[in-house]
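Participant: Structure in structure tokens, see below.
The values are calculated or read from the model by the stated rules, or taken from the named source; none is laboratory data. In this text the structure is predicted, and so the values were computed from the model without any measurement. Note that each Cβ is placed from the backbone with ideal geometry, even for glycine, and that neighbours are counted across all protein chains shown. Note: accessible area is taken over every heavy atom of the protein model, side chains too, but ligands, DNA and RNA are not part of it. Shrake-Rupley method; radii C 1.70, N 1.55, O 1.52, S 1.80 Å.
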Amino acid sequence: MSWVSTAVYYDCINRSIQKRSAPKASAPLLIESLDFQELYGLREDADWQRAGSVLAESASRLEKAGAEGLIICANSMHRIYDQVADAVDIPILHIADCVGARMHADGCESAALIGTRNVMTESFYRKRLVAHGVDLLPPDMSNVEAIDRIIYEELMVGKVTRAAERTLRTIITRKEQEGARAIVLACTELDLVVDVDANILPIYDSTRIHCDAAAEWILGKE
């Protein structure tokens, strides 16, 4: 939900449209970029309820402005997907369903999930992947703390360090040793420190997959 995420999504969707359509094609998009400061560090149910109201109001404004479909450009905010979906009459592409469908199509049945604390430890994201036949390794709380800190204190403010790259490389290596056959990269900003195209395990980058699904949906509507 940070400005970094917004920029990545805009770039990725347009590149996907261009690749699938024509060199000069671009995506018809309505974008509402929210103040991340209001949506940061959510812990209590009341905080999430408030965030849900913010996103639901945003979704309603976009629908009234002419949007025919929506995507929420943050993995963690899919915790309040149902609240947002209830506020509009247009479809919302759920990021975890898009990822799960891609993994199922590839025959991938065992993976480790890497993202923010709530994505890694709560059920709202994990159960969607499991529903597509993906067996997920349990979260390692020491990894959860380290990754959460890197995401919120560094990547979401545009800071990229070699130390963060080494930390993620080490975590991915350990997950491979623990039996994971793939990694679900469930945070938009993590591809800043993880090479999704050259790693010891296949990387299912949720951002790329979500953007591809959005591009396919757009082209299917045209």
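Participant: So is A105 in a helix (DSSP H, G or I), more than 23 Å from E165 (Cβ to Cβ), open to solvent by less than 10 Å² (accessible area, probe 1.4 Å) and out of contact with any Ser or Thr (no Cβ under 9 Å at 6 or more places or on another chain) or not? Break it down stepwise before answering.
Facilitator: Details: in a helix (DSSP H, G or I): yes; more than 23 Å from E165 (Cβ to Cβ): yes; open to solvent by less than 10 Å² (accessible area, probe 1.4 Å): no; out of contact with any Ser or Thr (no Cβ under 9 Å at 6 or more places or on another chain): yes.
It is false that A105 is in a helix (DSSP H, G or I), more than 23 Å from E165 (Cβ to Cβ), open to solvent by less than 10 Å² (accessible area, probe 1.4 Å) and out of contact with any Ser or Thr (no Cβ under 9 Å at 6 or more places or on another chain).
Participant: Across the stretch 6-30, what is the total count of residues that are of a type in the set (G, A, S), out of contact with any Cys (no Cβ under 8 Å at 6 or more places or on another chain) and in a helix (DSSP H, G or I)?
Facilitator: Narrowing the stretch 6-30 to residues of a type in the set (G, A, S): 7, 16, 21-22, 25-27.
Filter again for out of contact with any Cys (no Cβ under 8 Å at 6 or more places or on another chain), leaving 7, 21-22, 25-27.
Narrowing further to those that are in a helix (DSSP H, G or I): 7.
The number of residues fulfilling the criteria is 1.
Participant: Within the stretch 1-30, track down each residue that is among the polar types (S, T, N, Q), open to solvent by 70 Å² or more (accessible area, probe 1.4 Å) and under 20 Å from the mean Cα position of the chain (by Cα).
Facilitator: none
Participant: What residue, of S123, S76, S110, is farther than 13 Å from C187 by Cβ and in contact (Cβ under 8 Å) with a residue 60 or more places away in the chain? If you could, list the steps in order and put the result at the bottom.
Facilitator: Values: S123 fails: in contact (Cβ under 8 Å) with a residue 60 or more places away in the chain; S76 fails: farther than 13 Å from C187 by Cβ.
None of the others qualify; the one that does is S110.
Participant: Still on this structure, please answer the following. Would you pick out the residues in the stretch 134-144 that are out of contact with any strand residue (DSSP E or B) (no Cβ under 9 Å at 6 or more places or on another chain) and either open to solvent by less than 20 Å² (accessible area, probe 1.4 Å) or farther than 16 Å from A112 by Cβ (or both)?
Facilitator: Scanning the stretch 134-144 gives a single hit, V144.
Participant: Can you name every residue in the stretch 31-52 that is of a type in the set (A, V, I, L, M, F, W, C), outside any helix (DSSP H, G or I) and open to solvent by less than 90 Å² (accessible area, probe 1.4 Å)?
Facilitator: Scanning the stretch 31-52 gives L34, L42.
Participant: Which of the residues belonging to the stretch 40-64 are among the small types (G, A, S) and closer than 15 Å to P91 by Cα?
Facilitator: Residues of the stretch 40-64 among the small types (G, A, S): 41, 46, 51-53, 56, 58-60.
Listed by number, the residues that qualify are A56, S58, A59, S60.
Participant: Report the residue count in the stretch 192-203 for those that are modelled with pLDDT under 90 and within 21 Å of T121 (Cα to Cα).
Facilitator: Residues meeting the conditions: 0.
Participant: Hey, which of the helices (runs of 4 or more DSSP H) in the stretch 118-222, taking only ones fully inside, have at least 2 residues that are under 23 Å from Y10 (Cβ atoms), among the polar types (S, T, N, Q) and under 19 Å from the mean Cα position of the chain (by Cα)?
Facilitator: It comes to 206-221.
Participant: How do the pairs read when you match residues in the stretch 31-58 that are closer than 17 Å to D82 by Cβ with residues anywhere that are open to solvent by 60 Å² or more (accessible area, probe 1.4 Å), using Cβ under 6 Å and keeping only pairs 6 or more apart or on different chains?
Facilitator: Qualifying pairs under 6 Å: S58/E32.
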